[in-house]
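For reference, the structure is listed below as structure tokens.
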Amino acid sequence: MSQEELSKKIIEKYQEDERMMIRIFAQWCTNHDLDAVTLYEQAYPNQGKNTALQEALEEMLPKEEASDISDEMLLEVLQFFGNDDLAFVVASAAEERKGTR
């Protein structure tokens, strides 16, 4: 495998993993009746519309059919991808949600 092919494979794998991270975030929001777009915009107000997030939201399972995604797991995934601003917003939303129970 050439260096160019290897680089392409690495980039494709990272993009695939990033799409999975977005789907996990979107499903967590769906599971907890939170607006993923609003949370994303709070974290990244100047970024504009995230098409990958919109696509993920179209594929979400109803919360009754979806697997549970813990707050901690989502935070770890977001931080792994360097989405610290979004992780902060998610942590705040999770704390707020727990406070209203």
| note | Neighbour-count ranking for Thr38, Thr30 (other C-beta within 10 angstrom, fewest to most) reads Thr38, Thr30
| Label point distance in nm, Glu18-Asp33, each placed 7 Å from Cα along Cα→Cβ | 3.4 nm
| Tell me, what is a quarter of the convex hull surface for the C-alpha atoms of the chain, in nm² with one decimal? | 7.6 nm²
| query | Using unit Cβ charges (K, R positive; D, E negative) and no other charged atoms, how large, in debye to the nearest 20, is the dipole of the range 13-99 about its Cα centre? | reply | 140 debye
| field | Residue (of Ala93, Gln47, Ala26) at the positive-pole extreme of the range 13-99, dipole from beta-carbon charges | value | Gln47
| query | For the chain, the longest stretch holding no GluC sites (Glu not before Pro) located in a DSSP loop with at most 13 other Cβ atoms within 10 Å is which? | reply | 1-58
| request: Could you work out which residue, out of Ala66, Ala91, Ala26, moves most in a Gaussian network model of the chain, that is, has the largest mean-square fluctuation with Cα springs under 10 Å? | output: Ala66
| message | Restricting to DSSP H runs of at least four residues, report the calculated mean residue ellipticity at 222 nm for the chain, -39500 (n - 2.57) per run over all residues, nearest 500 deg cm²/dmol. | response | -22500 deg cm²/dmol
| message | Residue by residue through the range 76-82, what is 3J(HN,Hα) from phi via Karplus (6.51 cos²θ - 1.76 cosθ + 1.60, θ = phi - 60°)? Round to whole Hz and write x for glycine and proline. | response | 5, 5, 4, 5, 4, 8, x
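We did not get these values from a lab; they are worked out from the coordinates using the rules stated. Here the structure is a predicted model, which means the values were calculated and not measured. All Cβ positions, even for glycine, are placed from backbone atoms using ideal geometry, and neighbour counts span all protein chains on display.
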